[in-house]
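Structure, as structure tokens:
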Amino acid sequence: MFEKYFFQLKKLRFKQVIYPVISVAFFAMVVFVFAKSAVFLSLSINKMFLATERASEAEAQKIDLESYFLVAKKLNLPEIVIAPSPEVEVSPELSKEPEASFLVSPEPPLPPEDKTLLKIVIYNSTLKPGLAGLLKTSLVDAGFSVAKTGNLAPPKETTLLQVKPSKKSYQNSLQEILELVNQSYQPESWQELDEAGEFDVVIVIGEK
């Protein structure tokens, strides 16, 4: 069966095949162009009618106003006054260009204090041994460097704190020392220490 169809196709010549194919392709192209043209014409007609309709509405409104003015004049009817749209005045203050603002840069923060630079000595002026060593341990744990501990006579009734004037800039460190000493004693306020001394901070533990 297939051999029969194959034999018939083989007998067909090139001219017998190409002409029908060209005819079908040409017909399809004509249909496509016609469809595109119809869509384009439809859109153009719609736009034209829309523009005409808007123009007719505007003209009708104009004619209605003119007719009203004529009738109103004959019948002594009040006339319609169409006020122009008010113009918006710009305040001179708003029209001014904003002045340039200058940002003031904040002062740079102070460098952190190096508490290890303070040379601290602790004296025990009581009859209870080991108090200077206990306070040294608290200060070292807090990051301070205690250069020396020892005993001092005669006994003091109140704990003393002394600092050189040149080291008063270590405000945070001195406040921390005061708080640590306050945990066990009731020291007086900081007193000035002689600048010629060996140590920057002197702590004398008293009875209270």
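The values are calculated or read from the model by the stated rules, or taken from the named source; none is laboratory data. Just so it is clear, the model here is predicted, and its values are computed rather than measured. Here the Cβ is made from the backbone with ideal geometry for all residues, glycine too, and neighbour counts use every protein chain on show.
Among what's in region 161-189 and is at pLDDT below 90 and touching a strand residue (DSSP E or B) at 6+ places or on another chain (Cβ under 8 Å), pick the residue that is surrounded by the most Cβ atoms within 10 Å (Cβ to Cβ). Residue satisfying both the conditions and the ranking: PRO187. Considering only residues that are assigned to a loop (DSSP other than H, G, I, E, B), in contact with a helix residue (DSSP H, G or I) (Cβ under 6 Å, 6 or more places away or on another chain) and under 14 Å from SER125 (Cβ atoms), which ones fall in region 142-189? Listed by number, the list holds a single entry, PRO187.
The lone criterion from (1) modelled with pLDDT under 90; (2) in a helix (DSSP H, G or I) left unmet by LEU110 is number (2).
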